[in-house]
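Rule-based calculations on the coordinates, nothing more; no lab input. From a predicted model like this one, the values you see are computed outputs, not experimental measurements. As a convention, Cβ positions derive from the backbone with ideal geometry for all residues, glycine included, and neighbour counts pool all protein chains shown.
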Amino acid sequence: MPTPADSVNPPKSLDFFRQAYRMRVDDLLAQRKAGKKVVGTFCLFVPDEIIFAAGADRVVLCGGREDTIPLGEQYLPRNICPLIKSSFGSIVGGCTGKGEACPHFGAVDAVVGESTCDGKKKMFELMRQFIPTYMIDLPQKPDTPAALRYYLSELEAFREYMEQLTCNRITDDRLQEEIRAGNELRKLMQRLFAYRKAARPPITGLEVLQVTQRQLFLSPQQLKAGVARLCDELEGRTVDHSGPRIMISGCPMSAGNVKVPRLIEERGAVIVVEESCTGTRAFDSLVDESKPPMEALAERYLQIPCSCMTPNDRRVERILSLAKEYGVDGVVHYSLQSCHGYNVEKFKVQQALREAGIPMLAIETDYSASDVEQLRVRIDAFLEML
Ligand code: BJ8
């Protein structure tokens with residue numbers, strides 16, 4: 001039986017996502033030349049709807065590449081998460097010409113940061129030396145009414161910032177349009193993930209990652225067209241994948257970072273769902289279209305179960321419900337090195353999964369290949385016991 005990672009017959013419509021990189025960078029550069037503003041983002045807590053309603057575009061700048069880390073380490077401590085070092089290294093590389101750069105960094109007018117984890121927060125302070133950087137401050141106790149009020153006031157301030165940057169007024173009507181379009185896209189992503197609930201999913205986790213890593217990189221229109229084509233192809237697809245069904249839960253896997261999913265699927269398992277920001281957190285819940293738009297946005301985005309929030313019980317509950325929905329045999333808890341939020345939360349996730357009788361393997365890793373052999377042995381042992 002072929003293992004999922006050996007899949008020699010990936011869905012044809014994935015070609016679009018593989019080729020999308022250059023196309024999108026050219027597209028962003030052309031838009032800027034024509035006078036459109038483009039902002040770079042690093043997190044799901046920055047609502048796309050406000051950016052698009054201002055007539056601007058956005059592109060995600062989170063780094064998943066190892067080659068930009070050495071330059072990042074010239075500015076940041078070595079024992080900080082690789083996502084932060086990689087992102088910062090590519091930005092400094094782009095501004096100074098000293099090292100590897102992420103080409104689409106050159107396509108942004110400003111960065112919109114957010115006060116999630118300490119490492120990112122402090123990185124944004126340094127980033128100001130290289131590019132205009134706006135910060136959205138986040139409350140960290142999301143279940144209180146005060147938190148919602150505060151986040152709403154921060155989003156109102158962000159709305160004003162985007163109006164100033166673009167010289168466009170953001171009307172409630174434009175926000176409503178973007179909310180409707182955003183919800184349609186979320187429903188489409190939910191449709192894509194629903195195919196993975198089948199007893200023999202027609203698509204592997206590595207293949208889906210090619211889409212989810214492009215979610216905040218492509219424009220909504222490009223993503224929508226690509227995902228719709230992929231869903232139509234999966235509808236009649238006869239290739240299916242078997243093996244232990246795995247959920248990955250934890251830190252996001254930015255473009256360039258596929259180490260752990262590749263190891264899991266090379267060993268014969270199939271990843272059926274990701275509880276992460278390159279997974280269900282990006283599209284799980286919709287924005288309420290019946291409410292005033294800014295309130296509805298604040299409500300929806302504040303529910304993202306990121307480990308920066310406390311308590312973050314919503315995440316544990318969601319892991320348990322996803323395990324049921326997707327018929328998961330085991331969970332791989334994925335933390336990046338020095339990501340204290342997810343690393344600490346792993347304990348609560350493990351407790352809940354143990355009570356539910358679902359095995360869990362905890363992996364803490366970076367972007368290097370130095371632990372690949374050790375990870376392979378641990379993943380093999382985990383899969384054998386499922
Ligand atoms: S909503 S998960 S995208 S903050 S950078 S927290 S890995 S130490 S990315 Fe995130 Fe927004 Fe939350 Fe999602 Fe850890 Fe690294 Fe911090 Fe990270």
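Couplings 3J(HN,Hα) of region 139-152, computed from phi: x, 10, 10, x, 8, 9, x, 5, 5, 5, 4, 5, 5, 4 Hz, in residue order, whole Hz [Karplus 6.51 cos²θ - 1.76 cosθ + 1.60, θ = phi - 60°; x for Gly and Pro]. The charge dipole of region 250-339, taken about its Cα centre with unit charges on the Cβ atoms of Lys, Arg (+1), Asp and Glu (-1) only, comes to about 280 debye. As a length-normalised measure over Cα pairs under 8 Å and 6 or more apart, the relative contact order of the chain settles at 20 percent.
Normalised radius of gyration (Cα atoms, divided by 2.2 N^0.38 Å) for the chain: 0.95. If R0 is 22 Å, the Cβ-Cβ spacing of residue 180 and residue 303 corresponds to a FRET efficiency of close to 0.70.
Between residue 30 and residue 187, take the C-beta separation as r, use R0 = 25 Å, and let me know the FRET efficiency to the nearest 0.05.
So the FRET efficiency works out to roughly 0.25.
Listed peptides 163-176, 48-61 appear in the order 48-61, 163-176 once ranked by packing, highest mean of other Cβ atoms within 10 Å at the front.
Restricting to DSSP H runs of at least four residues, report the calculated mean residue ellipticity at 222 nm for the chain, -39500 (n - 2.57) per run over all residues, nearest 500 deg cm²/dmol. If you can, show how the numbers build up before the last one.
On the way: 14 runs with 185 residues, N = 386.
Value at 222 nm, helices only, nearest 500: -15000 deg cm²/dmol.
Backbone geometry of region 64-75 corresponds, through the Karplus equation with coefficients 6.51, -1.76 and 1.60 at θ = phi - 60°, to 3J(HN,Hα) couplings of x, 9, 7, 5, 9, 5, x, 5, x, 6, 6, 10 Hz, x marking Gly and Pro.
Among the GluC sites (Glu not before Pro) in region 213-320, those located in a DSSP loop and surrounded by at most 16 other Cβ atoms within 10 Å of their own Cβ are 289.
Counting only alpha carbon atoms, the long axis of helix 118-127 and the longest principal axis of the chain meet at about 40°. Using the Karplus relation 6.51 cos²θ - 1.76 cosθ + 1.60 with θ = phi - 60°, the per-residue 3J(HN,Hα) values for region 177-194 come to 4, 5, 5, 4, 5, x, 5, 4, 5, 4, 5, 5, 5, 5, 5, 4, 5, 4 Hz, with x marking Gly and Pro.
Can you tell me the 0 to 90 degree angle between the C-alpha axis of helix 313-325 and the longest principal axis of the chain, rounded to 10? Taking Cα atoms only, the helix is inclined about 50 degrees. Pairs of Cα atoms nearer than 8 Å and 6+ residues apart set the relative contact order; for region 248-383 it is 27 percent. Please enumerate, by chain and number, the lysines with C-alpha under 28 Å from the C-alpha of residue 346, excluding those fewer than 8 residues away in the same chain. The qualifying lysines are 85, 120, 121, 122, 141, 197, 259, 324.
As a rough guide to protection, the peptides 236-244, 280-288 ranked by mean Cβ packing within 10 Å, highest first, stand as 280-288, 236-244.
Among 209, 74, 126, flag the residue with its Cα farthest along the positive direction of the charge dipole of the chain, charges on Cβ as +1 for Lys/Arg and -1 for Asp/Glu. The residue sitting farthest along the positive end of the dipole is 74. Compared with the dominant principal axis of the Cα atoms in the chain, helix 82-96 is inclined by about 40°.
What shape does region 113-158 take by its C-alpha gyration tensor, where a ≥ b ≥ c are the square roots of the eigenvalues and a/c under 1.5 counts as rounded, a/b above b/c as prolate, and the rest as oblate?
Oblate is the answer for region 113-158, as a/c is 1.5 or above yet b/c matches or exceeds a/b.
How much FRET efficiency would the formula 1/(1 + (r/R0)^6) give for residue 291 and residue 171, where r is the Cβ-Cβ distance and R0 is 22 Å, rounded to 0.05? About 0.85, to the nearest 0.05. Amide H contacts under 5 Å for residue 64: 255, restricted to partners 5 or more places along the chain or on a different chain, H placed in the peptide plane at 1.01 Å from N.
Summing Cβ point charges (Lys, Arg +1; Asp, Glu -1) relative to the Cα centre of the chain gives a dipole of roughly 340 debye. What you get for region 265-308, charging only the Cβ of Lys and Arg (+1) and of Asp and Glu (-1), is a dipole of about 80 debye around the Cα centre. Considering only 268, 239, 228, the residue lying farthest towards the positive end of the dipole of region 221-321 is 268, judged by Cα position with unit charges set on Cβ. The order of 333, 340, 104, going from fewest to most other C-beta atoms within 10 Å of their C-beta, is 340, 104, 333.
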